[in-house]
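As structure tokens, the structure follows; a few thoughts come after it.
No value in this document is a laboratory result; all are computed from the given coordinates. Bear in mind the structure is a predicted one, so any value in this text is a computation, not a measurement. As a convention, Cβ positions derive from the backbone with ideal geometry for all residues, glycine included, and neighbour counts pool all protein chains shown.
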Amino acid sequence: MFLKRVRVKKPGQEVFKSEFSEYIKAEELYVGAKVNVNGYLFFLVNADEYTLNYMERNSDKFPLSNIEFVIQKLKEEECKSRELKQVFTAADCMHTKMVDFNTFREIMMNLTVGKLTDQEVITIARRYRVPEDPCPHRNVLVAQAHEQLKKNAFENFERLIAMCVYEDREKKKVLPSKDIKRLCKSSRLPLNEDLLGSLLSGFEDSEKQINYESFFCALNWRVNPVPELEVASYIKERCEDEWLGMPSPIPVKYIYYLNLLKDVFGVDE
């Protein structure tokens, strides 16, 4: 273990002194910060959803996650409002009024000349994010499931259906979504939690019941193959330091830049 849960002293302090030692505080840990931990220098490249939410809910302690504070900093750059709009418009060749996170970050960092931290850019991006489709098209989900099931050579679909029939005491050919999920887990269906949850949501009716025969027949990649779909690769954030060679996942995918410019500078379309 590199470091257990303990307070970490700031570097450069005398060992024996009359004053109390200074320790690294939570508010000093933000995306883009460099932290010296016992002589090891860390560059914080990202934070998970729980952490970002916590920082936004407690923005009095984490001002870089305070959207009002960050917007006020942007308003101080009003002289660059026209240039910002021109650069965003040039990047938005399809006139969608939105850009991907990598483009957004690059533009904001370049035109504010280092006045914004990565944490503040993420704060803005999260406020003006484009809502993601909570449930992608069912065929896409099934295609993704087939890919994972093929890789694991999983074919116990008839057994799963038989288990459902056994639990379907009223012979309605449907079971609650939570029960089917439980059976999938007990049978070690090799699908990750997110994909399985999305599939169950896509097949359940208004009463959260699922026709189990239809569900497992759709997953049976050998009997009911679907055309392979080119799934858009998950955009990764470019960062200088990469953990185990893999870039950090971006905090949001797309941002409505025009809404931001309107709120900050009153820029019209």
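This ranking places Thr96, Thr103 by how few other beta-carbon atoms lie within 10 Å of each, fewest first, which gives Thr96, Thr103.
The label point for Glu28 and the one for Thr117, both projected 7 Å from the Cα toward the Cβ, are 1.2 nm apart. Its Cα centre serving as origin, the range 136-219 has a Cβ charge dipole (Lys and Arg +1, Asp and Glu -1) of approximately 160 debye.
If you take the alpha carbon atoms of the chain and fit the smallest convex hull around them, that volume is 208 Å³ per residue. Modelled spin-label separation between Asn36 and Arg188, with each label point placed 7 Å from Cα along the Cα-to-Cβ direction: 5.0 nm.
In loop segments of the range 11-64 as defined by DSSP, the GluC sites (Glu not before Pro) with at most 10 further C-beta atoms inside 10 Å of their C-beta are Glu14, Glu19. Evaluated over the range 136-219, the count of Lys pairs having alpha-carbon atoms less than 16 Å apart is 5 (only pairs 8 or more residues apart or interchain).
Cβ crowding within 10 Å, taken as a proxy for footprinting-reagent exposure, orders Phe154, Phe215 from fewest neighbours to most as Phe154, Phe215. Note on the range 136-219: the alpha carbon radius of gyration divided by the globular reference 2.2 N^0.38 Å gives 1.01. Relative to the Cα centre, the charge distribution of the chain, modelled as +1 at Lys and Arg Cβ and -1 at Asp and Glu Cβ, gives a dipole magnitude of about 720 debye. Loop only per DSSP, at most 14 neighbouring Cβ atoms within 10 Å: give me the GluC sites (Glu not before Pro) in the range 163-219, ordered by residue number. Here the sparse-neighbourhood loop sites are Glu170, Glu207. Shown is the FRET efficiency for Lys172 and Lys253, computed with R0 = 30 Å from the Cβ-Cβ distance and rounded to the nearest 0.05: 0.15. Over 26 Å apart at the Cα level, from the set Lys85/Lys115; Lys61/Lys85; Lys9/Lys61; Lys9/Lys115; Lys4/Lys73, are Lys61/Lys85; Lys9/Lys115; Lys4/Lys73. Ranking Val165, Leu200, Ile124 by Cα position along the charge dipole of the range 124-227, where only Lys, Arg, Asp and Glu carry charges on their C-beta atoms, puts Ile124 farthest toward the positive end.
Under 5 Å from the amide H of Asn36 lie the amide H atoms of Phe42, each residue being 5 or more positions distant or on a separate chain, with H modelled from the backbone and absent for Pro and chain starts. In the chain, a dipole from Cβ-located charges (positive for Lys and Arg, negative for Asp and Glu) runs towards its positive end, and of Tyr254, Phe88, Leu111 it is Tyr254 whose Cα lies farthest in that direction. Per the Cα gyration tensor, the range 1-101 maps to an equivalent ellipsoid with semi-axes of 38, 16, 14 Å, ordered largest to smallest. Positive contributions from Lys and Arg (+1) and negative ones from Asp and Glu (-1), summed over other residues with Cβ under 10 Å from the Cβ of Tyr23, come out at +2.
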